[in-house]
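Written out below as structure tokens is the structure these notes cover.
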Amino acid sequence: AVERVLADEKVGTCPMLDFVGDVRQFVVEQENGKNRRTVPAVERAIAADAFYDYNSDSSHTGLEEEETSIMFLYRNLNQPDELSFFWIHGIDDGAKAGQSQGSARVDGLITGVPSGTTIAQSDDNTNEWDWTSSTTPGVLTHDGTNLGGFWTFAKNTDGGAVSGLPMDKNWEMKIETNFIKGINKWFFYFGDGSAPQELDPSEPVYLHPVVTTVDLGVAPYPETAGPQTFCTLVTSTNGNEELTFTFKWGDDTPDTVVTKN
């Protein structure tokens, strides 16, 4: 039998977690570390599709620019583990004074999409942004595990968003594009107020989270081990002072649920 004791007091020495900044961090870079940035996602207290604000055949996030393709990660603060990815080209006529998107064509491909990812918004429809088994930008087969974009547009935006990206698992998406006409700049936007990173459209972009693995030195079950101390740091983004911890032991023992204020 294994004795399990949950204690409030410190009963051992815990390793320090290697946080980068004070929020979740993500890395965007191109070949050989070119244009590498480590930054947080854009954050708002609404769902991804609501932030995309699709109407008039266009997105309306406020980040759009004419003749420009933009990408960014997005966190819904009402569901802080809900991570999304946005890719938007151009701007809706009238959204910003003096800006008008001319006739444009963009092809895109994303490989390495984590399992569990879902399409949150297709702009304008799944004939332009959908799943594909192809590895060629602009080819949509409406199946497979890659994401494909085949966008033709004028006087508005095209693009799309996906949700369900894991927050604390290792994954890396590779993003490729061909700007056929009407789009001549590519930027990645960040949630810390820093200037967006301009990207080279002739090279792929790689996107992944910063994940720190801490080795607690715990002997694998069922190997006999001495007492082990597990330390957990929990933060709340919504002011909730009551937190529920569920301990899943990985054997036939029922889960242990503890609520703390």
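Heavy-atom accessible surface of the stretch 75-212, averaged per residue, reaches 41 Å², computed with a 1.4 Å probe. For residue 130, the residues whose modelled amide H falls within less than 5 Å of its own, excluding neighbours fewer than 5 places apart on the same chain, are 148. Listed peptides 128-137, 158-167 appear in the order 158-167, 128-137 once ranked by packing, highest mean of other Cβ atoms within 10 Å at the front. For residue 83, nonlocal amide neighbours, meaning residues 5 or more places apart or on other chains whose placed amide H falls under 5 Å from its own, are 164, 165.
Distance between the 7 Å Cα→Cβ label points at residue 32 and residue 56: 4.4 nm. In this rough spin-label picture, where each label sits 7 Å from Cα along the Cβ direction, the residue 249-residue 174 distance is 4.5 nm.
In a fully extended conformation the segment linking residue 96 and residue 195 would gain 33.7 nm over its present Cα-Cα distance, using 0.36 nm per residue.
The values are calculated or read from the model by the stated rules, or taken from the named source; none is laboratory data. Computed from a prediction, not measured in an experiment: that's the story for all the values here. Cβ sites come from the backbone with ideal geometry, for glycine too, and all protein chains shown count toward neighbours. What goes into the accessible areas is simple: the full protein's heavy atoms, side chains included, and nothing from ligands, DNA or RNA. Shrake-Rupley method; radii C 1.70, N 1.55, O 1.52, S 1.80 Å.
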